[in-house]
Amino acid sequence: MATAISAAPETLHTLPTDLVRQIQWRFADRYDLQMLIQSVRAVARGPVARLVAAGGRNSHEWTEQKSELLEYFDKSGITAVFMEPEQGGFIAGPKNLALALVAFELAWVDGGAATGSLAGCLALAPIHERGTPEQRDHYMRLAAPAQPGEERRPWRGAFCLTEPIPYVGVDTGMLNGKLRVESWNPGDEPILHVEKRGRFITNIGFANFVTAAVDSADPRIKGSCMVILEEGDPGTFDRGTPTRKLVHQLSSTGDPIFSLRIPASRIVGGYDIKDGVIVPRFSHSEVIEAVFRRTRVTVGVMTAAKLLSAVEPIIRYQRGRFRGAEMATPGSIRYELGLQQREDALHRLVDVWAAGEASASLGFAASRLFDELDPIEREIDEQLTQRGITGARARMKIFREAWDEAVKLLDLPAYDAQRAKLEADPMLRFVQMDSLADVLCPATKLWNTGFGSQMMREAVSLMGGYGITEDCPGFLGHKWMDSQLEATYEGPEAVQRRQLSVTMTNPVFLAQFRNWVREMREIAATHPGTGACTLATAMLLWLWSIDHLQHTSDADGSKLYHSARQGVTFPLADALCWLVAARCQILDVLELERRGGEDAALADGLHGLLNFMSDLCHVQTARASGEAGRICAELVFGYNRHPAWDAEGYKSCYRAEDLDELESIMPGIAACALDVIATDGSHAGKAGPCAGCAGLQQFQVLRSRLDICLTGCRLAKDRAAEAISKIMIPEALDYPA
Amino acid sequence: MRNGYHIVVCGSIVPDPLQTLEPIETPGGPALKNEMMLPAVLDPWASHALYEAANLASKVAGSKVWLVSVAPKAKLQQVMMTVAQKVSFELVAVDGPASGFGDAYGVAAILADEVQSIAGLDRSRLLVFGGWESASRGAGVTMQLVGERLGIADQFQGVDQITTQADGSFEVLERIEGGRHQVSMCSGPPALLGWATGNLPEPRNNPQVGMANMRTVMPALQRAKAAALAGSGLRFLSTTPPKQQRQTRIVKNRPVEEIAQEIVEWIGK
Ligand SMILES: Cc1cc2nc3c(=O)[nH]c(=O)nc-3n(C[C@H](O)[C@H](O)[C@H](O)COP(=O)(O)OP(=O)(O)OC[C@H]3O[C@@H](n4cnc5c(N)ncnc54)[C@H](O)[C@@H]3O)c2cc1C
C-alpha cells in the first residue's frame, strides 16, 4: 500500500475473518446481518453439508431429506429474511444485501440449497415489487415461518416464467401461458381461467402457490400480466415430473401444468376496468424486470462464494499432497509445502482467489446499491404517480430530462459546489443510481457466473483427480458444474450482455465511468500497489473504444454499434464487466484499510492483510486490463478489411524505384518503409500490405501504454503466491466432505 | 423458587477449535500465534453453562440470565453474533485479555467484581455458573476463586445436571471417577456451579432471539471498560504445545463401535 517497501513486506497470516468481510462488504455496523450470517452458516455447514456428503445430490426426486432443509431454513431465519418485521421477518428496510449474504453462505457449501431458498423469495418477489398492499400482506404473512406457539406450515412458492419449447425462455416477449375470462357477472369480480405450462420451475415439487406469467387470450383482458395460482384452486395443478438435472439437486425443479380458475384479484398489482376490459396495472415484463433486476445479483454472489470457498481446501490439499511418503518427513519442505513448492500451483490459486475477491466485491456492491436505490425508487414512483405520470413512456421522458442534468453535474469537478445538487435532488440521485444498477446487476450476473465457472474449473483442476470426485473437500466438482446453471437461469449470459449493450451507453452511466478513471488515478497516487493506475488506463481505452465503435462503420459501411450487431456490443459488455469488477475489488481494499485501522481486533494482522489484498487487486486488474485491451483491439481493428496485394493495397506501398530515388534525398528511408513493391511486381510473402491505423493512433497510444502499465503485476503475483504458501489455515474444513 | 433465579454465567472466548494453536513468545509473555486473527468461539465449557442457565431460567418463572465475560471486546462482539442468537441473556462485558496465559487469580478478581456490581442482583436468588474447565487453558480454579471472593460456600464442580425443587432447593449431579456422578442436595442459592458438559444440545440459532438480545449486548460492549489483569507475579518459564501429534481426520458414516475400536487400538500402539 502507500507505505515504504521493506525487504520482506508484512503479509497475510490467516484466512480473512468475518470481521474482514464485514468491513470490506460494508456491514460492520449491521449486527442483524452479522447474526444472519452465523445463522445461515450453521445450516449450510451443518445439515446442508451433511446431506451433500451423504449423497443427497444423487437423486432428482424431492426427497424427505431435502425437504427437511426447508425446516432448517425456517427455524434459522433464512425464510424470514425476505419479510418485513410486521410480516414475521426480523430485518427492517431493504433486503438485497441480506439476501446476497444468505446466498453467499449457502452457496459456500451448496448452490442447490441456495437456489431452493432464493426461489421462495423469487416467487414472492413479483408480489413484493408490484403486488397490491393486500396481496403483499397476505402472501408474505402466509410465507413467513410460524411464530412460537403458532400451529402453521409456511407457504412455499414457485416462480413460473419459462415455458416448454418453443415458448418463452430467454425472450420474455413470447408467452404461451394464457388468461381468459371464465365468468363475469355484472358488479362481481371476474373469474379467470389460466392455462400455463412451465419448464424447469424451481420449488415446484412442494410449492403451495405459484406466480406465473400469462398473456391475454381474451379481448376482455388487455395484454400480459402475472397471476398468483394456489394449490387448492379449482382445476389442474400438476407439478409434472422432476427435471433430470446434473446440478443443484438439493433444489426441486420440474415442468408443471396448470389449468385453473382464479379470481381476478390474483392479478399481481391489481387491475382497472376500462370500457369493459380488464387492464392489469403491470404487464408481465414490467413485473419481471423489477424482480430480476434484484434477484440476478444474488445469483452472481453465489458463484463468488464458491471461488472463495475453494481456497482453503486447495491449500490444504496442496500442502498435504506428499505427506506420508518416506522422503517427506515433518519439517522437510516436501512435507510442509507439498505442491506449494511449485510456482504454478500457487500462481493458479492466486488467480482463483483474486477472481473470487473481485466477483464478491462486485456482487455485494450491486446488492448494496439496490438497498440504497429501493427507497428512492419508491419515492420517485410515488411522486410521479401523484403527478399523474403513470405510463412507461411518459416516465421515460421525465427520466431522460433528468439524465441531461445529471450528466452536467457529474461532469463538474468533484469540488464544485453545484455537485451537491446531485445528492440533494431525489430525481437526480435516482437516475444516477438507476443507471449504475442497470449496469452492475447484469455485470454481476454475467461476469461472476461466466468467468466464475471458468475459474471454478481451474479450482477443480488444482485438486487433481480428487477434484472430480464426490469426495473432494469443499465439493468443488459440484460447485464447478453448478456454476454453469447460475450462468443460465434467470436469463443466460446472452440476456445479460443484451441488457448491458443498452445500459452501458446510458450517458449518466458513462459520466460516472469517466469519473471512475479519475478516481482510480487518485487511488493509484496513494496506493500504487493496487494496480488502480493500470485499471484507469484500461478504462480510458474502453471509453475510447465504445465511443469509436458507436460512431464508425465496418468495411462494408454497416453500422458497428447496433443492437443486432452482437459481435460488437456483447464483447464490449464483457470488457466492461472485467473493469467494473476490478474497481469494486480495489474500493473494498481501501475500505478495509480505512475502517480496519479503527478496529482493535484487526490491528495485529491488518498491514499484512492489506498488502496481500492489494497484490490480489494488482493481479486482477492486470488480467482485467489485458482482457479489455484484447477485446477492444479486436473490435477497433477487426472490422476494417485487411489490405490485399491489389491496386487499392498498392496505394499504401512504396515502389522500389521511388524508394531508390528518395534514398538519395533522405538517406535511410528505405529501411523504414514497410511495404515495397519491387520493379517486377513482387512483394513480401504475407497477407497483404500491413494495415494502417489512420484515425486510430490514439487507440494505439493507449493500448501500448496499457501494456506498459502492466509493469509490476507479476511481482505482485509472486508476492501473493509466497503469502499463500505461508498462510496459516485451520486443521480441517468446518464442514464434511 | 418463588421469584425465580438470578443466574450469572461467567464465560469468555477461545480460538475456534479447528485452528492450529501454536504457543509463541512475545514481549508481553507467552501467547498463541496469530491469536487475535483467528476466529473465536465462546469457551465450550462456558457455553454448556450458558445453555443450562437459559434452560433453567425458562423453567422457573421470573428468572434472569447474565453473561459476564472478560475478553477483547471487538472479538467478543464477533462471538456474540452467534451466541446471542441461541438463548436470552444480558451481557456484562469487560474489555481485557482472554488468553489462556492469563492468571486465573486476576481473572477471578475481575469477574467477582463485575458480578457484584450487577444492578438489581439478588444474592438470595443467585446462582453463579461457569465452566469447570476452559478450552484455552483449563486452570480449573477460576470459578472456585470467583465463588470464594463472592463468599459463596456452596460450590459444585464438574456439574452435569441441576434439578430444582419448588422450595428453591436443588439437586446437583457432579462428575466423579469411573463415569459416575455424585448426587448432592443444596438447600438453595447462593451457589456456584462449574459445569461439565451438561445434557443439553447446542440451541439452534434464532435471529429473533438475537435481535432482542442485541438491544442490551451492543450497549454493554460499548460500555465495556478496559481491565488489565493484575500482575500476580505469575511467570511462564516455557510453553510448548502438547506432545502428541494432532491428527484430524473426517470420516463419514462410521459406526460408533468402530470409532471406539480404532481409538483403543491407537492408544495401545
Ligand atoms: C435448474 C433450473 C431451474 C430453473 N428455475 C426456473 C424457475 O424457477 N422459473 C422459471 O421461470 N424458469 C426457471 N428456469 C429456466 C431458466 O430461467 C431458463 O432455462 C433460462 O432463462 C434459459 O432459457 P432457455 O433454457 O429457454 O434457453 P434459450 O432461450 O434457448 O437460450 C439458449 C441460448 O441461446 C442463445 N440466445 C438466446 N437468446 C438470445 C439472444 N437474444 N441473443 C443472443 N443469443 C441468444 C444464448 O446462447 C443462450 O444461452 C430454470 C432452469 C433451470 C435449468
(message) Only counting other Cβ atoms within 10 Å, I'd like A:Val214, A:Val502 sorted with the fewest neighbours first.
(response) A:Val502, A:Val214
(message) Explain nothing, just compute: Karplus ³J(HN,Hα) = 6.51 cos²θ - 1.76 cosθ + 1.60, θ = phi - 60°, for every residue of the stretch A:323-339 in order, whole Hz, x for Gly and Pro.
(response) 5, x, 6, 4, 6, 8, 8, x, x, 6, 4, 4, 6, 6, 9, x, 5
(message) Filter A:Lys196/A:Lys274; A:Lys274/A:Lys397; A:Lys75/A:Lys196; A:Lys445/A:Lys479 down to the pairs with a C-alpha to C-alpha distance above 23 Å, please.
(response) A:Lys196/A:Lys274; A:Lys274/A:Lys397; A:Lys75/A:Lys196
(request) Please give the helix A:343-386 orientation as an angle from the longest Cα principal axis of chain A, in degrees from 0 to 90, rounded to the nearest 10. (result) 50 degrees
(request) Return the single residue from B:Ala57, B:Ala224, B:Ala212 with maximal mean-square fluctuation; model: Gaussian network over chain B, springs between Cα atoms under 10 Å. (result) B:Ala212
(message) Using the Karplus curve 6.51 cos²θ - 1.76 cosθ + 1.60 with θ = phi - 60°, what ³J(HN,Hα) values do you get for each residue of the stretch A:625-637, in whole Hz, with x for Gly and Pro?
(response) 5, x, 4, 4, x, 4, 4, 4, 4, 4, 6, 5, 8
(message) Nearest 10 degrees is fine. How inclined is helix A:507-526 to the longest principal axis of chain A, computing both from alpha carbons?
(response) 60 degrees
(request) Pull out a ≥ b ≥ c, the square roots of the eigenvalues of the alpha-carbon gyration tensor of the stretch B:6-226, then state rounded if a/c is under 1.5, prolate if not and a/b is larger than b/c, and oblate in the remaining case. (result) prolate
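For the stretch B:139-263, just say rounded, prolate or oblate: build the C-alpha gyration tensor, square-root its eigenvalues into a ≥ b ≥ c, call rounded for a/c under 1.5, and beyond that prolate if a/b exceeds b/c, oblate if not. It would help to have the intermediate numbers written out before the result.
Working: a/c = 1.28, a/b = 1.15, b/c = 1.11.
Rounded.
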(message) Using Cβ contacts closer than 10 Å as the measure, can you line up A:Ile333, A:Ile631, A:Ile665 from fewest to most?
(response) A:Ile665, A:Ile333, A:Ile631
(request) Mind running the shape call on the protein assembly as shown? Use the C-alpha gyration tensor, a ≥ b ≥ c as the square roots of the eigenvalues: rounded below 1.5 for a/c, prolate if a/b tops b/c, oblate otherwise. (result) oblate
(request) Rounding to the nearest 20 debye, state how big the charge dipole of the protein assembly as shown is about its Cα centre with +1 on each Lys and Arg Cβ and -1 on each Asp and Glu Cβ. (result) 660 debye
(request) Starting from the amide H of B:Phe129, placed 1.01 Å from N in the peptide plane, find each other amide H under 5 Å away whose residue is 5 or more places distant or on another chain. (result) B:Val8, B:Val9, B:Cys10, B:Leu193
(message) Can you give me the long-range amide H partners of A:Ile677? Hydrogens built in the peptide plane at 1.01 Å from N, cutoff under 5 Å, separation of 5 or more residues or another chain.
(response) A:Tyr654, A:Arg655, A:Ala656
(message) On C-alpha positions alone, give me the angle between the axis of helix A:566-596 and the longest principal axis of chain A, in degrees, nearest 10.
(response) 80 degrees
(request) Go through the stretch A:581-684 and name the GluC sites (Glu not before Pro) that are in a DSSP coil and have 14 or fewer other Cβ atoms within 10 Å of their Cβ. (result) A:Glu598
(request) Could I have the simple spin-label model distance between A:Ala424 and A:Glu289, label points 7 Å from Cα toward Cβ, reported in nm to one decimal? (result) 3.1 nm
(message) Checking the cross-link filter: which lysines have an alpha carbon closer than 28 Å to that of B:Lys225, excluding same-chain neighbours under 8 positions apart?
(response) B:Lys33, B:Lys64, B:Lys73, B:Lys75, B:Lys86
(request) Please give the calculated 222 nm ellipticity per residue for chain A, where each DSSP H segment of at least 4 residues contributes -39500 (n - 2.57) and the sum is spread over every residue; nearest 500 deg cm²/dmol? (result) -17500 deg cm²/dmol
(request) Let me know the mean shielding of A:29-38 by other chains, meaning the per-residue number of their Cβ atoms within 10 Å of its Cβ. (result) 6
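Got a sec? How would B:Arg235, A:Arg57 order by Cβ neighbour count within 10 Å, fewest to most? Let's see the in-between values first.
On the way: B:Arg235 8, A:Arg57 22.
Final ranking by Cβ density, sparse to dense: B:Arg235, A:Arg57.
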(message) Nearest 500 deg cm²/dmol is fine: what mean residue ellipticity at 222 nm does chain B get from its DSSP H runs of n ≥ 4 alone, each adding -39,500 (n - 2.57), divided by its residue count?
(response) -9500 deg cm²/dmol
(message) Placing +1 on the Cβ of each Lys and Arg and -1 on the Cβ of each Asp and Glu in chain A, which of A:Gly681, A:Gln318, A:His347 has its Cα farthest towards the positive end of the resulting dipole?
(response) A:Gln318
(message) I need the phi-derived Karplus couplings for the stretch A:398-415: 6.51 cos²θ - 1.76 cosθ + 1.60, θ = phi - 60°, integer Hz, Gly and Pro marked x.
(response) 4, 4, 4, 5, 5, 3, 4, 4, 4, 4, 4, 5, 5, 7, 6, x, 4, 7
(request) Mind listing the long-range amide H neighbours of B:Glu90? Cut-off is under 5 Å, sequence gap 5 or more, other chains count too, H placed in the peptide plane at 1.01 Å from N. (result) B:Val65, B:Trp66, B:Leu67
(request) Have a look at B:Thr142, B:Thr197, B:Thr216 and tell me which one the Gaussian network model of chain B (Cα, springs below 10 Å) gives the largest fluctuation. (result) B:Thr216
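Read-outs: derived from the displayed coordinates by stated rules, not from any lab. From a predicted model like this one, the values you see are computed outputs, not experimental measurements. Neighbour counts are summed over all protein chains in view; Cβ atoms, including those assigned to glycine, are modelled from backbone coordinates with ideal geometry.
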